[in-house]
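Just below is one structure, and these are the notes that go with it.
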Amino acid sequence: GEKILEVKNLKKHFSVGNGQILQAVDDVSFSINKGETFGLVGESGCGKSTIGRTIMGLYDKTAGDVIFAGENVHELKEKNKFSFHRKMQMIFQDPYASLNPRSTVREVISEPMEIHKIFKNKREQLEQVYELLEEVGLSRDHINRYPHEFSGGQRQRIGIARALALDPEFIIADEPISALDVSVQAQVVNLLKRLQAEKGLTFLFIAHDLAMVRQFSDRIGVMYLGNMVELTSSDQLYDNALHPYTQALLSAIPIPDPDIEESRERIILKGDLPSPINPPSGCVFRTRCPMAMDICAIEKPKWQEVEPSHFVACHLYRESSSEKESPIKLTIS
Ligand code: SF4
Ligand code: MG
């Protein structure tokens, strides 16, 4: 497909005092095709939200490039930034925190259109607000009410309506359903899916739960401690995950069938998530990896395409031909 977004060797480091550096995102590369949903998954603190915010231009990059619709996001001129923001919008985890409590639904949804001077008259703008409310499944009667008067799921619908107000092409949804009741999560996912089909939207869908991204994503990138460790199609990831971390995440997803569930082996990771301030040498996952070898502490595994469109960073799969000394040969089953 046609690429809408390219993230190339992106690094985002924060200085946290005492000369210490937090490596929130360390050399991450991926691209997103027009109209697809790309799921970005990993534990909290793995850098996935930082990637989202850096793509949006809310954070400066430390190194690398973010190319959106052919333009380098971090090199946009002021006047181009404005039109850029019409094309890319964000939906947040906590819709309550992202909505101004003193603004009515009408004001919340109208604001982006006013800033961008989309409509000449108020009447047209109001009509558009009504249309957006309908699109996200909220009644017109809600228009003069305030965010606190709504349930979590309804507030997320308001947040989605606001994100859609400028008719964007690309939406970054940062854990949009994590704060919602399980019963409401599916409704919001279905709403996002429907809007995507109707409007041809492209999504970057960020979540900490692999089961959650699967329902929605065409391809999935798995993050661990600032690094992307595996990237492939949603189906391939579930059928043939290669990275030990992905395998552990998958083994933690409950299977509804009790027979399978009982006989299944759960991979329990030892130890705690290390700090991104002093990440382990070599492979960042090695302190918790059940397969760790000597080389894992010495050399950072390369990001390589081990089969078509399936990328992984792990020494278990290193190509013997491209290495100079004593390659470790392992069969992938
Ligand atoms: Fe485990 Fe080594 Fe692969 Fe890292 S490179 S995931 S430590 S086997
Ligand atoms: Mg986050």
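Every read-out reported here was derived from the displayed coordinates using simple, explicitly stated rules and does not represent laboratory data. Being a predicted model, the structure only gives us computed values, none of them experimental. Quick reminder, even Gly has a Cβ in these numbers, built from the backbone with ideal geometry, and neighbours come from all protein chains shown.
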Could you give the semi-axes, largest first, of the ellipsoid that matches region 226-273, computed as the square roots of 5 times the alpha carbon gyration tensor eigenvalues and rounded to whole Å?
21, 16, 7
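Report, for the chain, the % of DSSP beta bridges that are antiparallel, rounded to 5.
About 60 percent, rounded to the nearest 5.
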Using alpha carbons only, how many degrees (0 to 90, rounded to 10) separate the axis of helix 152-164 from the longest principal axis of the chain?
80 degrees
If you average the sequence gap of Cα pairs under 8 Å that are 6 or more apart and divide by the length of region 3-238, what percent do you get for the contact order?
29 percent
Which of the lysines could be linked to residue 3 by a straight reach, that is with a Cα gap under 23 Å, when you skip same-chain ones fewer than 8 residues away?
11, 12, 34, 48, 61, 77, 81, 87, 193, 199
Region 250-293: Kirkwood hydrodynamic radius (Cα pairs, Å) comes out at 12.6 Å
Kindly state, as a whole number, the per residue volume in cubic angstrom of the convex hull around the alpha carbon atoms of region 1-131.
161 Å³
For the chain, alpha-carbon Rg over 2.2 N^0.38 Å
1.07
Taking the alpha-carbon distance from residue 8 and a cut-off under 16 Å, which aspartates and glutamates remain once sequence neighbours fewer than 8 residues away in the same chain are dropped?
26, 27, 60, 65, 71, 75, 230, 305
Which order do peptides 254-266, 304-316, 11-23 fall in by mean Cβ count within 10 Å, highest first?
304-316, 11-23, 254-266
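What's the ranking of 223-230, 162-169, 268-275 by average number of surrounding C-beta atoms within 10 Å, highest first? If you can, show how the numbers build up before the last one.
On the way: 223-230: 25.8, 162-169: 20.2, 268-275: 11.9.
Result, highest mean Cβ count within 10 Å first: 223-230, 162-169, 268-275.
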Length released on extending from residue 87 to residue 302, taking residue separation times 0.36 nm less the Cα-Cα span:
74.1 nm
